[in-house]
Amino acid sequence: MLDKSYRPQEVEGKLYSKWMESGAFACGRNDSEDAFTIVIPPPNVTGSLHMGHALNNTLQDILVRFERMRGKDVLWQPGTDHAGIATQMVVERQLAEQGITRHDLGRDKFIEKIWEWKEKSGGSIVGQLHRLGASCDWERERFTMDEGLSKAVRKVFVQLYKEGLIYRDKRLVNWDPKFHTAISDLEVEQKEVNSHMWHFRYPIEGEEGKYIVVATTRPETMLGDTGVAVHPEDERYRDLIGKNVILPIVGRKIPIVADEYADPEQGSGAVKITPAHDFNDFEVGKRAGLM
């Protein structure tokens with residue numbers, strides 16, 4: 001007699017244990033030359049899995065189980081990711097609740113705390129995947145900081161570079177003043193704020209009493225200016241293109257360049273260029289040779 005309702009806690013755990021004991025998920029169990037592999041997108045060890053992980057891994061599980069049924073030698077490679085800054089943030093929040101910082105602990109003790117969290121969070125994640133019934137080859141489980149993985153990543157990057165598939169270049173990065181490290185664009189929250197437009201007079205080199213007025217919302221970045229940009233069709237400044245101005249306070253000569261990035265209807269129509277501060281300025285700086 002079947003129960004009227006399905007009780008997963010009474011069925012799934014026992015069944016999954018039998019699957020694991022029998023090696024049902026292990027690759028290399030048959031002599032098929034037809035292989036099928038999925039490397040699991042490694043979840044970050046920053047906490048627990050969410051609904052997105054459940055959906056993603058369910059779809060992967062459907063694929064690998066289907067291919068096993070077709071007789072292929074299947075590997076679903078499991079693993080977890082160290083997540084760098086995100087994991088550091090989690091551990092630092094925990095320390096903050098105790099009234100201490102990573103600086104109080106020192107580098108070695110803080111790293112120990114991170115590894116302790118990795119073991120706790122990583123174990124929780126693996127347990128959740130087990131509860132989902134994920135048919136990964138768990139004997140092959142890896143962590144992104146395991147011995148040998150970084151070496152393999154470096155080898156691949158060098159190979160891709162030699163084949164011309166990736167390139168190395170100078171780029172702006174997002175600097176986190178709290179963690180003292182670069183972070184990706186995905187980790188930056190962009191916010192629009194009401195600000196004020198400041199106007200500065202930059203003296204024209206060699207022309208006493210003559211200035212070009214630049215307008216900016218970030219006056220504190222002027223010390224890093226490497227040029228002033230005006231629109232090439234702006235009649236007000238056409239005769240100044242190619243000349244130099246003297247950067248106030250610093251006294252450094254910087255050129256006036258023509259670039260369509262400068263909006264004649266915005267501010268004064270002349271914009272200070274600080275390539276080390278702004279992504280748009282960086283692109284103008286590259287085009288005009290200001291770096």
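The values are calculated or read from the model by the stated rules, or taken from the named source; none is laboratory data. Every value quoted in this text rests on a predicted model; they were computed, and no experiment measured them. Note that each Cβ is placed from the backbone with ideal geometry, even for glycine, and that neighbours are counted across all protein chains shown. Remember, those area values only see protein heavy atoms, side chains included, never the ligands or the DNA or RNA. Shrake-Rupley method; radii C 1.70, N 1.55, O 1.52, S 1.80 Å.
Brief remarks on what is shown
- The one condition from (1) closer than 21 Å to V284 by Cα; (2) of a type in the set (F, W, Y); (3) out of contact with any helix residue (DSSP H, G or I) (no Cβ under 6 Å at 6 or more places or on another chain) that Y211 does not meet is (1).
- Scope the range 195-206; condition part of a loop (DSSP other than H, G, I, E, B) and surrounded by 12 or more Cβ atoms within 10 Å (Cβ to Cβ); matching residues: E205
- Screening E192 against (1) over 26 Å from T87 (Cβ atoms); (2) under 37 Å from the mean Cα position of the chain (by Cα); (3) of a type outside the set (A, V, I, L, M, F, W, C); (4) in a helix (DSSP H, G or I) leaves a single unmet condition, (4).
- Tally of residues being over 14 Å from A276 (Cβ atoms) and either open to solvent by 60 Å² or more (accessible area, probe 1.4 Å) or in a helix (DSSP H, G or I) (or both) across the range 217-240: 8
- When the criteria are applied in full, T101 meets the requirement of being hydroxyl-bearing (S, T, Y) and either surrounded by fewer than 18 Cβ atoms within 10 Å (Cβ to Cβ) or closer than 24 Å to V11 by Cβ (or both).
- Qualifying residues in the range 104-129 (those that are under 22 Å from N57 (Cα atoms) and hydrophobic (A, V, I, L, M, F, W, C)) - the one surrounded by the fewest Cβ atoms within 10 Å (Cβ to Cβ): V126
- Cross-chain or 6+ apart pairs with Cβ under 8 Å, the range 251-266 first and open to solvent by less than 50 Å² (accessible area, probe 1.4 Å), then part of a loop (DSSP other than H, G, I, E, B) and polar (S, T, N, Q): I254/T226
- First in the range 95-117 and in contact (Cβ under 8 Å) with a residue 24 or more places away in the chain, second anywhere and of a type outside the set (D, E), Cβ under 6 Å, 6 or more apart: I114/V91; W117/V91
- Taken over the range 69-83, the criterion of being within 15 Å of T46 (Cβ to Cβ) and either open to solvent by 40 Å² or more (accessible area, probe 1.4 Å) or in a helix (DSSP H, G or I) (or both) is satisfied by H82 alone.
Residues checked against (1) touching a residue at least 60 places away in the same chain (Cβ under 8 Å); (2) surrounded by 10 or more Cβ atoms within 10 Å (Cβ to Cβ):
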site: D146; (1), (2): no, yes
site: L149; (1), (2): no, yes
site: K155; (1), (2): no, yes
site: Q159; (1), (2): no, yes
site: R168; (1), (2): no, no
site: L172; (1), (2): yes, yes
site: P177; (1), (2): no, no
site: L186; (1), (2): no, no
site: E192; (1), (2): no, no
